[in-house]
1. For the range 232-246, does any single residue satisfy the condition of being among the polar types (S, T, N, Q) and touching a residue at least 24 places away in the same chain (Cβ under 8 Å)?
2. If we keep just the residues of the range 45-57 that are in contact (Cβ under 8 Å) with a residue 12 or more places away in the chain and outside any strand (DSSP E or B), which is farthest from N217 (Cα to Cα)?
3. G250 passes all but one of (1) on the phi > 0 side of the Ramachandran plot; (2) part of a strand (DSSP E or B); (3) not aliphatic (A, V, I, L, M); which number fails?
4. Can you name the residue in the range 188-205 that is assigned to a strand (DSSP E or B) and among the polar types (S, T, N, Q) and, of all such residues, is farthest from L289 (Cα to Cα)?
5. Go through the range 85-108 and report how many residues are in contact with a Gly (Cβ under 8 Å, 6 or more places away or on another chain) and either surrounded by fewer than 16 Cβ atoms within 10 Å (Cβ to Cβ) or within 15 Å of D231 (Cβ to Cβ) (or both).
6. Among the residues of the range 117-148, which ones are closer than 25 Å to L204 by Cα, open to solvent by 20 Å² or more (accessible area, probe 1.4 Å) and under 19 Å from the mean Cα position of the chain (by Cα)?
7. Answer yes or no as to whether A212 is of a type outside the set (D, E, K, R), open to solvent by less than 10 Å² (accessible area, probe 1.4 Å) and within 18 Å of P163 (Cβ to Cβ).
8. Please verify whether F232 is closer than 22 Å to D168 by Cα and crowded, with 17+ Cβ neighbours inside 10 Å, treating the condition exactly as stated.
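The values are calculated or read from the model by the stated rules, or taken from the named source; none is laboratory data. This structure is a prediction, so every number in the text was calculated from the model and none was measured. So basically every Cβ, Gly included, is an ideal-geometry build from the backbone, and we count neighbours across all protein chains shown. Accessible surface is based on the protein model in full, side chains and every heavy atom, while ligands, DNA and RNA are left aside. Shrake-Rupley method; radii C 1.70, N 1.55, O 1.52, S 1.80 Å.
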Amino acid sequence: MKKFKTITAACALAALAASTAWAQEVDWKKVDEAFGRGGAVTGDVHRYGFPRSDLHVTLDGVTIKPAFALGGWIALKPGHGGAMAMGDLVLLESEVNPVMAKLIEGGLDITAVHNHLLRAEPATLYMHVGGHGDPIKMAEAIHAALQASKTPLTPPTPPAAQPAIDLDTAQLDQIIGVKGTANGGVYQFNVPRRDPVKDNGMALSPAAPLGAAIAINFQPTGNAKAAITGDFVLAGEEVNPVLRALRQNGIEVTALHSHMLDEEPRMFFMHFWANDDAVKLAKALRAALDKAAVAKS
């Protein structure tokens, strides 16, 4: 057993060294130029945000902020002599086919098309994208595809300061069990799973920027209340225990589906919605998290 652990550790170190070498080979300045914006860097992952700030979407009387449920993104992770691309584009129904056609033309894969929300006006769909190869060419193809939509392609001007979050965020942190972050008037959590997920043999690490962590968003709606949405990343046997925990606590399950095609182990993504007392909702989400194999904080 000790010998096996030594070999496993050696393989992990070799994979890390190879990833670092590939990361150094990628000309990230040219990738940024192809996307028309810089990426947020976490470890060896570069993530590019394409929020639908052009849309005015409402749901049950709540105006949805881009960071809450309209934040399209693409992440690139070096590997296999190039990069792996994956992401999630937010589109109107009329934009789905034109964008899909351009992505196919550019050699990208479509791994899912579906809703995340219910009753939103106008309706938004979410197109998950994957690919492997030259990161610059993939960035150019994705940028060209987005031109077939009305997604803003000029980088947004960063605010002088983050909008205030009118919630007891310290209490939310304590209940959820991880530290949240403020982003565009939304309080966001990323809860990592206990066990790693791989896609096409590559570990999805760091998990959060690659969409492999449980995402929970709180958008204040006044009087200590908040709308919540996001997605649980679940193994098959966790789906119904988590679904029941959410439903029993007044949280609506709005979608259940896959985001990837070749991940190991097989994962399912469960989206949710509620608008109620923020602390009450945090406790309900914690009850659901306790039904899944999440990392210990």
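1. Among the residues of the range 232-246, not one is among the polar types (S, T, N, Q) and touching a residue at least 24 places away in the same chain (Cβ under 8 Å), which makes the answer no.
2. Applying the filter and picking the extreme gives D54.
3. (2)
4. Only one residue fits best here, namely Q188.
5. Within the range 85-108, residues that are in contact with a Gly (Cβ under 8 Å, 6 or more places away or on another chain) and either surrounded by fewer than 16 Cβ atoms within 10 Å (Cβ to Cβ) or within 15 Å of D231 (Cβ to Cβ) (or both) number 5.
6. L125, H132, H143
7. It is false that A212 is of a type outside the set (D, E, K, R), open to solvent by less than 10 Å² (accessible area, probe 1.4 Å) and within 18 Å of P163 (Cβ to Cβ).
8. No.
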